[in-house]
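Step one of this worksheet: look at the structure below.
The values are calculated or read from the model by the stated rules, or taken from the named source; none is laboratory data. Note that the coordinates shown come from a computational prediction; the quantities given were computed from them, not determined experimentally. FYI the Cβ positions are ideal-geometry reconstructions off the backbone, even for glycines, and counts take in every protein chain you see.
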Amino acid sequence: MKFSTEGALNAFRPSTWALEPEETTFAAHGWSNKDMDPVPPRLRTWTTWNYISYWLSDATNLAVWELASSMLALDPSRRQALPCIAAGYCIISVVMVLNGTTGARLHIAFPVLNRSSFGFWFSYFTVFSRVILSMFWFGIQTYNGSQCMLKAIWPSLAKLPNHLSPGANITSSGLLCYFLYWLVQLPFMLLSPHKVRWLFFAKGVVVPIAWLAMVIWAFVRVPASSGLFEQHAAITGSSFSWSWLSAMNSALGIYASLSVNIPDFTRYAKDEKAQYVQPLIIPIAFTLCSFAGIAVTSAGIKLYGEVLWDPMLLIDKWDNRAAAFFASFAFLLTTIGTNISANSLGAGNDMTVLLPKYINIRRGQVICAFIGGWALCPWEILANAQGFLSFMNGYTIFLGPFAGIMITDFWLVHKGKVDVPAMYDPQGRYRYTGGFVSDLNLFSLVTAIENQRPKNWRAVLAMLVTVVPTLPGLVNSINPKIAVGNAVHLFDIAWMYGFFVSSVVYYTTSTLFPARETYVEKLISADDAAPMEYSSKSPTNTIGSGQVEDLEKA
């Protein structure tokens, strides 16, 4: 009994949960682990076809369908909805390949990569922000997926007697399906990222077939000649222009988070060129899938007299249960794939940086599954907190600047010449840390800050300039009773404003006040540092500011 009691107590000691130190660890134990390290050559297995299947599977996403179809209730016309969505996906595809190339070239994940632009310590703000966002959306997507399971496999469960109170905001059958769907997802979170590509391949084959079948159903039931796409503009003038820009920003916003952490996937590229296909496949796949959502929802308007932008509501109208099963199963599969690629894997990668001594990707994904899936009670969020959902959508005001600063820093400021080992060193060239000064003279302030090497104030300034002006619009989206005038328009284009303005501000300040200690003469990659002994000694202790020395001296 004494032994079992001690064992139970040991389970609550942090040291019990510490990961075993590994010879492959790139930095001192506690600052990195195997999942956080640069990907070794043997695990660089993703080819061009893997990225094509990944994006084909991700394009058949419930959010992509709902974004396109929901515009039929708001947008000026069905024919005008598609071009603005396509423009948004074209822009985000360029961001994907620019950030993706850094991951494919350096073979490191987003949480480590952004240390070079935000600084070792300030980067934790970006990482923590994404963890919170990923957990909330994991729970919400799991709830959406459970609705697909209810309709696909056991539609009769809807008649199951409810033993929960109305205040629970979920029924007994709904909770049962939620648990089963959560359980189905769990094994996929135990797979390594380089293995999960087979899930994306299966999803990329099955789901497009189902969506194509639904488009054929739409054209058979409501032929184009009978007015499938007829709709006159409901708004004109400046209102139309802002509506068009807002729709494009919404298309950008769906993948604003993934555009930041795309290195989490491209670091597994077999070759840097393998992911160059993204600017081609993303606009084509996502525009076609958006067309599917618009076509099927347009047919629903003609047949049922209402905008059924949620495909689950439309499937409920079908009499053919076999067709309803196949369509619902396809949406179930696509939600699993999206939840893993966009939420749990991202959260797992991010948590390895927050607590690398205790958390690897697998543990991080499981933590995300429990906190996001159960502790946050997504059915409560969806039932009671429209304002909170508006806030979570508004969280993308941070993601545009994140992407802009990262791209500008790597491609324009440092021109691809970065020091990968230093990104693992809290005392290395990307530390950017120091004291604070009180002189209010602007030039003296900048000079003093520069000399003291604080956290990268250039990134902080770029964030402030872009985020603060959009806050009034965010407040209005949460509580429409608070009037903010034309400031709401800036929030409507928050991602575009944040990305482009932060890029200009960051590049300008980095050019006028360069952080010279972060510059190197050539790229120092993980492969260059491979011959080093991975001990507790810092891998960058012998590298001086602004120069490149032989890493084997470390």
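List the residue pairs whose Cβ atoms are under 6 Å apart, where the first residue sits in segment 331-358 and is assigned by TED's automatic domain parsing to the domain that holds I132, the second is of a type in the set (D, E), and the two are 6 or more positions apart or on different chains.
If the second residue must be of a type in the set (D, E), the pairs left are N349/D264; T352/D35.
Residue under question is G300, and the condition is that it be surrounded by 22 or more Cβ atoms within 10 Å (Cβ to Cβ), under 30 Å from P38 (Cβ atoms) and either in contact (Cβ under 8 Å) with a residue 12 or more places away in the chain or charged (D, E, K, R) (or both); does it hold? Steps first, answer last, please.
Numbers: surrounded by 22 or more Cβ atoms within 10 Å (Cβ to Cβ): yes; under 30 Å from P38 (Cβ atoms): no; either in contact (Cβ under 8 Å) with a residue 12 or more places away in the chain or charged (D, E, K, R) (or both): yes.
Spelling it out, it is not the case that G300 is surrounded by 22 or more Cβ atoms within 10 Å (Cβ to Cβ), under 30 Å from P38 (Cβ atoms) and either in contact (Cβ under 8 Å) with a residue 12 or more places away in the chain or charged (D, E, K, R) (or both).
Can you pull out every residue in segment 140-149 that is more than 21 Å from G394 (Cα to Cα) and surrounded by fewer than 24 Cβ atoms within 10 Å (Cβ to Cβ)?
Here is the first cut: in segment 140-149, the residues more than 21 Å from G394 (Cα to Cα) are 145-149.
Selection gives Q147, M149.
Listed here are the residues, each with its yes/no results for (1) without any contact (Cβ under 8 Å) to a residue 24 or more places away in the chain; (2) within 20 Å of I367 (Cα to Cα); (3) touching a Lys or Arg at 6+ places or on another chain (Cβ under 6 Å); (4) buried (at least 24 other Cβ atoms within 10 Å of the Cβ).
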residue: N114; (1), (2), (3), (4): no, no, no, yes
residue: T126; (1), (2), (3), (4): no, yes, no, yes
residue: S129; (1), (2), (3), (4): no, yes, no, no
residue: F138; (1), (2), (3), (4): no, yes, no, yes
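So V488 passes all but one of these: (1) in contact (Cβ under 8 Å) with a residue 60 or more places away in the chain; (2) surrounded by 16 or more Cβ atoms within 10 Å (Cβ to Cβ); (3) farther than 21 Å from V418 by Cβ. Which condition number does it fail?
For V488, the failing item is (1).
Can you find even one residue in segment 170-191 that is modelled with pLDDT under 85, farther than 19 Å from F325 by Cα and not basic (K, R)?
Step one: filter segment 170-191 for residues modelled with pLDDT under 85, giving 191.
From the residues that got through so far, the ones that are farther than 19 Å from F325 by Cα too are 191.
Narrowing the set further to residues that are not basic (K, R) leaves 191.
Taking every residue of segment 170-191 in turn, at least one turns out to be modelled with pLDDT under 85, farther than 19 Å from F325 by Cα and not basic (K, R).
Tell me which helices (runs of 4 or more DSSP H) are completely within segment 260-352 and hold 3 or more residues being more than 20 Å from C177 (Cβ to Cβ), or say none if there are none.
On the way: elements: 263-266, 278-304, 311-315, 321-338.
Where helices (runs of 4 or more DSSP H) fall fully within segment 260-352 and carry at least 3 residues being more than 20 Å from C177 (Cβ to Cβ), they are 263-266, 278-304.
Within the bounds of segment 152-162, is there any residue that is at pLDDT 75 or above, closer than 18 Å to C377 by Cβ and surrounded by fewer than 20 Cβ atoms within 10 Å (Cβ to Cβ)? Full working, then the answer.
Start the filter on segment 152-162 by keeping residues that are at pLDDT 75 or above, which leaves 160-162.
Adding the requirement that they be closer than 18 Å to C377 by Cβ leaves 162.
Okay, now just the ones that are also surrounded by fewer than 20 Cβ atoms within 10 Å (Cβ to Cβ), so 162.
So far as segment 152-162 goes, yes, one or more of its residues are at pLDDT 75 or above, closer than 18 Å to C377 by Cβ and surrounded by fewer than 20 Cβ atoms within 10 Å (Cβ to Cβ).
Among the listed residues P472, P480, P421, which satisfies the condition of being closer than 26 Å to V97 by Cβ and at pLDDT 75 or above?
Numbers: P472 fails: closer than 26 Å to V97 by Cβ; P480 fails: closer than 26 Å to V97 by Cβ.
Just a single option satisfies the conditions, and that option is P421.
Within segment 512-526, work out how many residues are in contact (Cβ under 8 Å) with a residue 40 or more places away in the chain and in a helix (DSSP H, G or I).
3
So which residues in segment 265-296 are surrounded by 24 or more Cβ atoms within 10 Å (Cβ to Cβ), over 20 Å from the mean Cα position of the chain (by Cα) and not aliphatic (A, V, I, L, M)?
G293
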